[in-house]
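Here's the structure we're looking at; comments come further down.
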Amino acid sequence: MEKTALITGSSRGIGRATAKKLASYGYNVCVNCVERDDLADELVLQIKNEGGSAIAFKADVSDRKQVDAMVDKIKSEFGPISLLVNNAGVAGQALFQDVTDKMWDRYFNVNLNGARNTIQAVLPDMIHEKKGVIVNVSSIWGLHGASCEVTYSCTKHALIGLTKSLAMELAPSGIRVNCVAPGVIDTDMLQVLDREVREGLADETPLGRLGTPEDIANAICFLASDEASFITGQVLVSDGGFIG
């Protein structure tokens, strides 16, 4: 049976690395983006040139109608989605007293409601098939908390709660739900920080370097694989020892 994966927020960074790796494992992949459709199309072309199967779809995961349309398109192209990777997210720093309603709502709408929207869209087929895998991408800040990142940390902590509870609910249907909590990863999100700050974060990491998108893609692909067939409701921390 064909394996089909939807990776949200996959035109760049962790999502892009995950899409490439899953394609190399024989998955049909849907590359999702909300802005950089040029990068999404470029990735699809690269995957196809390497013998893989992929399509791109521009959709804001916080918009349920856009999510439903995307999932319907994937199903018409490849069949039911067997793997969902909820990677799309927004992040930023602000003092808590400066957090506006707009910022708060946007973070929760994308980081948490986006996961709810995609999960609810793919679940009927997974339940019908009595199998499927969902991997949510949280953060070490969802476990540990972070100064000036209260809003982001709240959304990522909630995503862990969603993972653990949903795993218990869906286990009787043969569906596994797990979570990856990346540490400090060298992506576009990190580039907004000064070079000295990035170097300091690398120094604070016991392994002595920043993580790469490929590091997290490896963790996601493990949880998606048959090697993890007895693992559900877990948070896999990939942070180079940052939070101990």
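The values are calculated or read from the model by the stated rules, or taken from the named source; none is laboratory data. In this text, all values refer to a predicted model and were calculated from it rather than measured experimentally. Every residue, glycine among them, receives a Cβ derived from its backbone with ideal geometry; neighbour counts consider all protein chains shown. The protein model used for the area step is the full one, side chains on, heavy atoms only, and it has no ligands, DNA or RNA in it. Shrake-Rupley method; radii C 1.70, N 1.55, O 1.52, S 1.80 Å.
Here are the numbers for this structure:
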{"read-out": "Filter result for residue 182 (farther than 21 Å from residue 226 by Cβ and either within 13 Å of the chain's Cα centre (by Cα) or open to solvent by 70 Å² or more (accessible area, probe 1.4 Å) (or both))", "value": "yes"}
{"read-out": "Answer from 73, 102 - the residue that is modelled with pLDDT of 95 or more, surrounded by fewer than 21 Cβ atoms within 10 Å (Cβ to Cβ), among the charged types (D, E, K, R) and more than 20 Å from residue 2 (Cβ to Cβ)", "value": "102"}
{"read-out": "Residue in the stretch 224-238 that is part of a helix (DSSP H, G or I), surrounded by 14 or more Cβ atoms within 10 Å (Cβ to Cβ) and among the polar types (S, T, N, Q) present", "value": "no"}
{"read-out": "Residues satisfying the stated conditions in the stretch 150-172, i.e. open to solvent by less than 20 Å² (accessible area, probe 1.4 Å), closer than 20 Å to residue 223 by Cα and touching a Leu at 6+ places or on another chain (Cβ under 9 Å)", "value": "156, 159, 160, 170"}
{"read-out": "Filter result (in contact with a helix residue (DSSP H, G or I) (Cβ under 8 Å, 6 or more places away or on another chain), open to solvent by 70 Å² or more (accessible area, probe 1.4 Å) and at pLDDT below 95) within the stretch 192-223", "value": "209"}
{"read-out": "Selected residue (criterion: least open to solvent (accessible area, probe 1.4 Å)) from residues of the stretch 20-53 that are within 18 Å of residue 85 (Cα to Cα) and basic (Lys, Arg)", "value": "21"}
{"read-out": "Qualifying residue in the stretch 1-19 (condition: closer than 16 Å to residue 216 by Cβ, open to solvent by less than 80 Å² (accessible area, probe 1.4 Å) and without any contact (Cβ under 8 Å) to a residue 60 or more places away in the chain)", "value": "yes"}
{"read-out": "Residue in the stretch 129-178 that is nearest to residue 112 (Cα to Cα), counting only those that are of a type in the set (A, V, I, L, M) and in a loop (DSSP other than H, G, I, E, B)", "value": "140"}
{"read-out": "Yes/no for residue 113 being open to solvent by 30 Å² or more (accessible area, probe 1.4 Å), of a type outside the set (Asp, Glu) and either at pLDDT below 95 or under 18 Å from the mean Cα position of the chain (by Cα) (or both)", "value": "yes"}
{"read-out": "Matching residues in the stretch 155-169 - criterion: being touching a residue at least 12 places away in the same chain (Cβ under 8 Å) and farther than 19 Å from residue 87 by Cα", "value": "168"}
